[in-house]
Each structure stands twice: as structure tokens, then as C-alpha cells.
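Below you'll find the structure, written out as C-alpha cells, and then a few comments.
Read the figures in this text as sums done on the coordinates, not as results from a lab. Here the structure is a predicted model, which is why all the values come from computation and not from measurement. Note that we place each Cβ from the backbone using ideal geometry, even for glycine, and neighbour counts take in every protein chain shown.
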Amino acid sequence: MGVDSFRPRVQGIIIPVARAMAGMGITPNASSIIAFLAAAGAGVAFYFSMPLLGVLGVMLNAFFDAMDGAIAREAGTASMRGDYLDHVLDRYADIVIICGIFIGPLASAPEGILALTGVLMSSYMGTQAQAVGVGRFYGGILGRADRLLLLIVFGILAAFVPAGILGYGFLAWLLLIFGVLGHVTAWQRFRHTWNELKK
């Protein structure tokens, strides 16, 4: 969906905030950990059918996840370990949020399993491209920033229209979207890497 394409346009906001956070002593790893804790809180909130609180957790996760790399660059402390920690915690964040939605009453297991596999496989394909020497690739129809934006929008809709559409709650629909578009994204990334390996 391309939310990541807007990142350069908000650098004028991100950089001063990251600089201020670095000045306050907040490290990139601390920002990554706070982002994960916010995601865990969102998962718990969704599990207990509190979508607006879940949305708040997702928003905090998105903010601190955007800040960790920016803080590292501003503080001159960017490292492979930090990058690795960020990616591991991002995957766990995806898991706890999605599980919170479908283990609770907001969606069912089939939608949740489809969403989990789609999200994890699309993320895996992005990093596996780097593992085989092509370079990290996060193209495709549904990136992580897109998922976070959709979580916010659908979470708000779930709070104000709990009946959903056609007997499906909005967060159940969202997991279906994550599943289908996640696997489409995984295929797009696989195809890109496959084609690059031919060269």
C-alpha cells in the first residue's frame, strides 16, 4: 500500500524528536523494547475487547518503532545488534497483536492463523533476500507500516461499529486482509529475489 513511501516526507519531524530523545538518554534498544511492550499491551487490550486501548498501544508501538533507528543514527550508535533486536521484537510484536485479536472474541482462529502466516512469511521473505545476497527487500503491497495504519483504522471502526459488516467484526475482516495480502506480498518479494538471483 506504500505507507513507507511517505517516510522521507516526515523526516523533518522524526529527526528533531529522535535528537531530543537521544539527548534524554533514551537508547535505540530501549525504544525497540518500549515499542514491543506497547504492542504487548495492544494485544492484551484486543483480547479483552478494548479496541480503542488496543489502538493506543498500536500507535505507541508505531511511534517507538519509528524512533529506534532514528535515535541510533542521531546518536551515532547504529549497530547490527540493534538492527537484529529491532527485527526480532517487530516479529514478536506482530504475533502478540494478532494473537490478542483472534484468541479473544474479536475474531476466530482460522482468520488468525491466515493472518499470522501471511504476516510472518512476508517479513521472512524480506529478510531472506538479504540472506541470499540480494539485499533486504521490503517491497510489495502490504508492508509493516501499512499493517499498523490498518490496525489503527480498523480498531477504531471496531470500537464504534461492533456489529461489523456481514456478520464479521472489523478486526476479523482485518485479519483476513492481513492473511491474503500478506501472502501476496510474500510472493511479490519471493519473485523479486528469484529474478535478482538470475542475474
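Details
- Loop-located trypsin sites (Lys or Arg not before Pro) in region 60-136 (DSSP state not H, G, I, E or B) with no more than 12 neighbouring Cβ atoms inside 10 Å: Arg136.
- For region 35-126, chymotrypsin sites (Phe, Trp or Tyr not before Pro) are listed when DSSP marks them as loop and at most 14 other Cβ atoms sit within 10 Å of their Cβ; the list is Phe48.
- In this structure, Met59 and Ile165 have a Cβ-Cβ separation that, at R0 = 22 Å, corresponds to a calculated FRET efficiency of about 0.40.
- With neighbours defined as other Cβ atoms within 10 Å of a residue's Cβ, the residues Leu52, Leu151, Leu142, Leu166 order from fewest to most as Leu166, Leu52, Leu142, Leu151.
- Label of the coordinate-derived value, Cα extents along the principal axes in Å, listed as (i) 63, 41, 30; (ii) 82, 42, 37; (iii) 50, 48, 27: (iii)
- Adding -39500 (n - 2.57) for every DSSP H run of four residues or longer, then dividing by how many residues the chain holds, sets the calculated 222 nm ellipticity at -26000 deg cm²/dmol.
- A crude spin-label estimate for the pair Cys99 and Ser79, with each label 7 Å from Cα along the Cβ direction, gives 2.8 nm.
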